[in-house]
Amino acid sequence: MVRKIIHIDMDCFYAAIEERENPALRNRPVGVAGTDRRSVLTTANYEARKYGCRSAMPVYKALELCPHLVLVPVRFDLYRSVSAQIRAIFGRFTDLIEPLSLDEAYLDVTHLATRGAVIARELRAQIREETGLTASAGISTNKLIAKIASDWHKPNGQREVTVEEIPEFMAQLPVGRLWGVGQKMREKLAGLGIQTCGDMQRLDQIEMSRRFGKWGLELWHLCRGEDERAVTPERTRKSVSSESTFSENVEDLSGLFPPLREMVDGLVEDLGKSHADRVVRSLVVKLKFTDFHRTTAERAGHQLEMGIFEELVAEAWRRGSNRGVRLLGVGVRFEDPKEEDAQQQLEFFG
């Protein structure tokens, strides 16, 4: 059976909520961030993006690009509340919901007779009616293409890629739209005459493996739009984590500290709000490098100390042999008194 997968991505979620709560912010460049100039933007609305402002950018840099940027403090309790409201809307259509963050999720609606595009349109309409917020959607036969397609007609749009359209869609797709293909990788591929997935498809598996190692074999499948991952609903949490993929690779260790501090602050707030009854067993940092290799550094401890997270980032960084970083993650593992399913881990720690 051909699967029907929908990827829903809210449009500038945090900033959109702030605009909803304060209509005076509409049509003005808005950034959601901490109160310190050393903080980083959690998100920026579309007006701010016109000036080059983007998530994970230091506040001081955003203000240089857009001096009249309106900064509003992060309110995760409010964002989580709205996210739960949206999740309840998803539940009217399917139980197969895989949240990626507060503002995006995969839904498997294969069991429904209605076309995926029609379901996505109704989902977006209900979200708009009940929350006042807009969402974009991608619809296809797998998670890879659905996620790429959800970005096609942002904001407040959707794109369906049917099974018949996949070969042409992938052939014309710029390689930079694939997971893990950042600026340096694009430059390396361009040197080989590879600009699109169709160009990449001309290399066989042996050549891809020779040039790019294990990641090359994964790229061989991705450039053809092949992705067999199932939509996996949340399981009982053994850990809590968050991660951020940088729009530009971070090339030095000092550049990781501002987003690290912002993410740890959010993690502390999340634990206080939603997991106050859990005992932290260890602190974890994850880095994914520009060549898509990843590493985690972990240390036992019950308190979320910023100094320990900074030491863990430095430890992980040293393993990268001066490679740039495209993704940073922070998290904690919980004590499990009953030791049930001790091997279960979140994908973050995989």
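The values are calculated or read from the model by the stated rules, or taken from the named source; none is laboratory data. Quantities reported herein were computed from a predicted structural model and do not represent experimental measurements. Cβ atoms come from the backbone with ideal geometry, glycine included; neighbour counts cover every protein chain shown.
Which condition breaks for W215 when tested against (1) in contact with an Asp or Glu (Cβ under 7 Å, 6 or more places away or on another chain); (2) in a loop (DSSP other than H, G, I, E, B)?
(2)
Under 7 Å between Cβ atoms, at least 6 apart or on separate chains: pull out the pairs that start in region 103-127 with a residue that is assigned to a helix (DSSP H, G or I) and end on any residue that is modelled with pLDDT under 95 and not hydrophobic (A, V, I, L, M, F, W, C).
The qualifying pairs do not exist here.
Please list, ordered by first then second residue, the pairs with beta carbon atoms under 8 Å, 6 or more apart or interchain, first in region 14-27 and without any contact (Cβ under 8 Å) to a residue 12 or more places away in the chain, second surrounded by 14 or more Cβ atoms within 10 Å (Cβ to Cβ) and in a helix (DSSP H, G or I).
Going by the 8 Å Cβ cut-off, the qualifying pairs are R26/E19.
Is region 12-29 home to any residue that is in a strand (DSSP E or B) and among the hydrophobic types (A, V, I, L, M, F, W, C)?
No, the conditions are met nowhere in region 12-29.
Could you list, in sequence order, the residues of region 69-92 that are under 24 Å from P29 (Cβ atoms) and either basic (K, R) or free of Cβ contacts under 8 Å to residues at least 12 places away in the same chain (or both)?
If the condition is that a residue be under 24 Å from P29 (Cβ atoms) and either basic (K, R) or free of Cβ contacts under 8 Å to residues at least 12 places away in the same chain (or both), then R75 is the only one that fits.
Okay, residues lined up against (1) more than 18 Å from the chain's Cα centre (by Cα); (2) modelled with pLDDT of 90 or more:
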site	(1), (2)
N45	no, yes
A56	no, no
L63	yes, yes
L69	yes, yes
P73	yes, yes
R80	no, no
Q85	yes, yes
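Would you pick out the residues in region 80-92 that are closer than 24 Å to L41 by Cα and surrounded by fewer than 19 Cβ atoms within 10 Å (Cβ to Cβ)?
Scanning region 80-92 gives R80, S81, A84.
Checking V264 against (1) among the β-branched types (V, I, T); (2) part of a strand (DSSP E or B); (3) at pLDDT below 95; (4) crowded, with 18+ Cβ neighbours inside 10 Å, which single condition isn't satisfied?
Of everything listed in (1) among the β-branched types (V, I, T); (2) part of a strand (DSSP E or B); (3) at pLDDT below 95; (4) crowded, with 18+ Cβ neighbours inside 10 Å, V264 misses just condition (2).
Which number in (1) out of contact with any Asp or Glu (no Cβ under 6 Å at 6 or more places or on another chain); (2) in a strand (DSSP E or B) marks the one condition that I139 misses?
Only one criterion is unmet by I139, namely (1).
Output the residue which, of all residues in region 165-207 that are assigned to a helix (DSSP H, G or I) and either touching a residue at least 60 places away in the same chain (Cβ under 8 Å) or small (G, A, S) (or both), is surrounded by the fewest Cβ atoms within 10 Å (Cβ to Cβ).
G191
Return the only residue of S209, S150 being under 25 Å from A135 (Cβ atoms) and touching a Gly at 6+ places or on another chain (Cβ under 7 Å).
Going through S209, S150 in turn, the sole match is S150.
Would you check which residues across region 93-147 are loosely packed, with under 15 Cβ neighbours inside 10 Å and in contact with a helix residue (DSSP H, G or I) (Cβ under 8 Å, 6 or more places away or on another chain) and list them?
Those that are loosely packed, with under 15 Cβ neighbours inside 10 Å and in contact with a helix residue (DSSP H, G or I) (Cβ under 8 Å, 6 or more places away or on another chain): L112, E130, G132.
Can you name the residue in region 55-87 that is out of contact with any helix residue (DSSP H, G or I) (no Cβ under 9 Å at 6 or more places or on another chain) and among the basic types (K, R) and is also nearest to N249 (Cα to Cα) among such residues?
K61
Going through R326, R299 one at a time, which residue ends up being basic (K, R) and either free of Cβ contacts under 8 Å to residues at least 60 places away in the same chain or in the same structural domain as L189 (by TED's automatic domain parsing) (or both)?
Being basic (K, R) and either free of Cβ contacts under 8 Å to residues at least 60 places away in the same chain or in the same structural domain as L189 (by TED's automatic domain parsing) (or both) holds for just one of R326, R299, which is R299.
Among the residues of region 47-63, are any among the hydrophobic types (A, V, I, L, M, F, W, C), in a strand (DSSP E or B) and under 26 Å from A149 (Cα atoms)?
Within region 47-63, none of the residues are among the hydrophobic types (A, V, I, L, M, F, W, C), in a strand (DSSP E or B) and under 26 Å from A149 (Cα atoms).
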